[in-house]
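Right, one structure below, let's go through it.
What follows draws every value from the coordinates through simple rules; no lab data is involved. This one's a predicted model, so the numbers in the text were calculated from it and none came from an experiment. Cβ atoms come from the backbone with ideal geometry, glycine included; neighbour counts cover every protein chain shown.
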Amino acid sequence: MQTSNHSNFDTRNAFDGSESIESASISSSRSDLRNRLGVALFGFGRAGRIHYSNVIRSRHVELLWIVDEDVEKAEDALVADRVTTAKVVLPLRVSEVLNDSCVDFVIIATPTPTHEVIVRGALKADKGVFCEKPVAMTLHDTAAVYEEADHVGRPLYSAFQRRFDPNVRSLRDRVRGGDIGTLHVIKSCSRDSPLPSIQFLMTSGGIFHDCAVHDIDIVCWIVGEAPLTAYATAHSFIPSIGEINDVDTVAIVLKFPSGAIATVDLSRHACYGYDQRLEVFGDQGMLVSENRAPTTLRQATSRGVFTDPIDYSFPDRYSEAYRFELDHFIEVVKGTAEMEITSYDALLANRVADACEKSYKTGQVVSVNIDLKN
Ligand SMILES: NC(=O)c1ccc[n+]([C@@H]2O[C@H](COP(=O)([O-])OP(=O)(O)OC[C@H]3O[C@@H](n4cnc5c(N)ncnc54)[C@H](O)[C@@H]3O)[C@@H](O)[C@H]2O)c1
């Protein structure tokens, strides 16, 4: 088996076109796959494995490539799952993957700082792009990659999977349908489990862009507006997180033009599991999306009433959401659905996360200037 010794590989080198291309022979041997969309998966870590499982179980797509620095890890999974259609390659061989005409779209689940270069390479090769959030590190670069996607006419999806969670979606539909009257307050609580590795945190882009963006996207989607102002305060209780200049605990307040107020309460680590709750309060009632547990059993004893611990982490809590977002993107690539998460949504979440980070650093309330196209 091939193993990797390219841990310091700079993805930019792979897009300079200098590598030899074997696409003709690859595509001709795959003509039987044309009734399914061909997929290349970049990154086979925590998020990549979730997308891998959904891709190999889908009737609509065929996994053709996995690109990762650890080839053996991905090859072992293919053998265990009896997937014979896919090859695993190092990032150095990316142009072979992108020049494969059987690849209709790529899924990017690599470390955040590598996203933009892979997105650009895939768009240039005329592929659809499903990218883990964020699609780029800055607002400017996010706008630029969406412009590139528009220019080449290929879909670019930013993976805010929570929108596809059945609870969250139903809550939003009811709020927007008027079930709780005029929306006054929305509270989003997101506490991670387990604590991510320090290696991951060092390249995550920081808690505002790595975690808060999900909550920001959800509250803006539910309210249906962009906030006017943002205020955030934060702290690092975990010394190793403070040492990398990040924080592990955040409280955010957003004020919307309608008067609605959102609070976001984040932690990098909850010892009792993956805590993800939403509450929306209006003049006609309240809606709550609770945590989930593997079972709904309740055990009553002389010491109290007990239930299972809540879901341990994101792969369990959002299992349907990850599946449904992939199904949605497949429809978009086929041309049978409009993309639900637009460039406006990705830019808005990025803009608000920037404002929150600035507020935390300055101690001031920050205006969220929205001059984005809706
Ligand atoms: N939407 C969500 O719920 C969610 C959850 C977790 C992570 N994420 C996002 O997914 C991305 C990956 O996070 P993760 O936790 O899976 O990280 P991870 O460290 O577990 O996995 C990253 C993988 O990418 C590989 N890799 C590194 N550079 C590469 C390159 N240039 N080309 C191909 N493969 C490369 C690594 O070998 C590793 O296997 C991040 O952007 C993160 O923000 C999203």
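Observations on the structure shown:
- Given (1) surrounded by 11 or more Cβ atoms within 10 Å (Cβ to Cβ); (2) under 23 Å from the mean Cα position of the chain (by Cα); (3) of a type in the set (D, E, K, R); (4) away from the ligand (no atom under 16 Å from the Cβ), number of the condition ASP311 does not satisfy: (4)
- Test for ALA122: is it within 13 Å of the ligand (Cβ to nearest atom) and closer than 13 Å to GLY43 by Cα: no
- The set of residues in region 97-119 being surrounded by fewer than 21 Cβ atoms within 10 Å (Cβ to Cβ) and away from the ligand (no atom under 13 Å from the Cβ) consists of ASN99, SER101.
- Among residues of region 59-74 being acidic (Asp, Glu) and touching a Gly at 6+ places or on another chain (Cβ under 7 Å), the one that is farthest from the ligand (Cβ to nearest atom) is GLU62.
- All positions within region 82-92 that are more than 10 Å from the ligand (Cβ to nearest atom) and crowded, with 18+ Cβ neighbours inside 10 Å: ALA86, LYS87, VAL88
- Number of the condition not met by PRO257 [criteria: (1) touching a strand residue (DSSP E or B) at 6+ places or on another chain (Cβ under 9 Å); (2) not in a helix (DSSP H, G or I)]: (1)
- Test: residue in region 296-318 that is within 30 Å of ILE50 (Cα to Cα), among the small types (Gly, Ala, Ser) and in a helix (DSSP H, G or I): no
- Scanning region 178-221 for residues that are outside any helix (DSSP H, G or I), within 12 Å of the ligand (Cβ to nearest atom) and in contact with a helix residue (DSSP H, G or I) (Cβ under 8 Å, 6 or more places away or on another chain) yields a count of 6.
- The residues in region 329-350 that are within 16 Å of the ligand (Cβ to nearest atom) and either surrounded by fewer than 19 Cβ atoms within 10 Å (Cβ to Cβ) or in a loop (DSSP other than H, G, I, E, B) (or both) can be counted, and the count is 2.
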